[in-house]
Amino acid sequence: MSFGLTVSAANAQTGSIEGTFGLTDEGAFAGVSVVLEETGAITLTDVNGRFGFSGLEAGNYSLTFSFDEY
């Protein structure tokens, strides 16, 4: 499993979290649910395994990843 994460601050008030999720031996993983626990915001990784949250207040955030395979 691999995971890349970038945290940036657009200005003093807000910032963003962006990342990429993948499996080391399989590459990028699309359709992984990513939950920003403190806000309840949810997004899915795209076909390149990328995800992002923007407009975030300064602080500490926890991410939860899940994938339901049918």
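The table below lists the values:
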| quantity | calculated |
| --- | --- |
| Filter result (open to solvent by 40 Å² or more (accessible area, probe 1.4 Å), hydrophobic (A, V, I, L, M, F, W, C) and not in a loop (DSSP other than H, G, I, E, B)) within region 42-70 | 42, 44, 63, 65 |
| Residue list for region 21-68, filter: among the polar types (S, T, N, Q) and in contact (Cβ under 8 Å) with a residue 40 or more places away in the chain | 54 |
| Of all residues in region 1-16 being modelled with pLDDT of 75 or more and open to solvent by less than 50 Å² (accessible area, probe 1.4 Å), the one that is farthest from the chain's Cα centre (by Cα) | 14 |
| Conditions (1) among the small types (Gly, Ala, Ser); (2) open to solvent by 50 Å² or more (accessible area, probe 1.4 Å); (3) assigned to a strand (DSSP E or B): number failed by residue 19 | (2) |
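The values are calculated or read from the model by the stated rules, or taken from the named source; none is laboratory data. Keep in mind it's a predicted model, so treat the numbers as computed, not measured. Here Cβ is always computed from backbone atoms with ideal geometry, including for glycine, and neighbour counts include all displayed protein chains. Accessible surface is based on the protein model in full, side chains and every heavy atom, while ligands, DNA and RNA are left aside. Shrake-Rupley method; radii C 1.70, N 1.55, O 1.52, S 1.80 Å.
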